[in-house]
1. Taking the Cβ of I61 as the center, what net charge do the other residues with Cβ under 15 Å away carry, scoring Lys and Arg +1 and Asp and Glu -1?
2. Can you sort V64, V7, V24 by how many other beta carbons sit within 10 Å, fewest first?
3. May I ask for the net charge around V45, where only other residues with Cβ less than 15 Å from the Cβ of V45 are counted and Lys, Arg are +1 while Asp, Glu are -1?
4. Please compute the contact order of the chain in relative form: average sequence separation of alpha-carbon pairs under 8 Å and at least six residues apart, divided by the residue count, as a percent.
5. Explain nothing, just the number: dipole magnitude of the chain about its Cα centre with +1 on each Lys and Arg Cβ and -1 on each Asp and Glu Cβ, in debye rounded to the nearest 20.
6. Within the set of other residues whose C-beta is less than 15 Å from the C-beta of A19, count the net charge using Lys and Arg as +1 and Asp and Glu as -1.
7. Once both labels are modelled 7 Å past Cα along the beta-carbon direction, what's the S23-S36 spacing in nm?
8. Amide H neighbours of Y48 under 5 Å, counting only residues 5+ apart in sequence or on other chains, H built in-plane at 1.01 Å?
Amino acid sequence: MLAAEIVAKRQLVEWADGAIIESVTIVELGTLTVDSIRQIIRAKVPPYKVIQKRYDSDTGIGYVTLELLIEPKP
């Protein structure tokens, strides 16, 4: 369930603040030697509330639903 909550937080940050995608492709002598893509997220998790946590014991998958809390500006 902890992993499911971390994934939910990551997805919340991606949605709220965006994400950076980096890719590197290296070709040596006409042959692909390295091809990697990674996603980098550097953001503070915005205020949220856990709405639901559910664990499916048949599949071993946890599900977490978060709600983004919008704070009014002063």
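Bear in mind that the values in this text are calculations on the coordinates, not laboratory data. All figures in this text were calculated on a predicted structure; none of them were measured in a lab. Backbone-built Cβ (ideal geometry, glycine too); neighbour counts: all protein chains shown.
1. -1
2. V24, V7, V64
3. Its environment carries a net charge of 0.
4. Normalised by residue count, the contact order of the chain is 32 percent.
5. In total the dipole reaches around 380 debye.
6. Residues close to A19 contribute a combined charge of +2.
7. 1.6
8. For Y48, the qualifying residues are L69.
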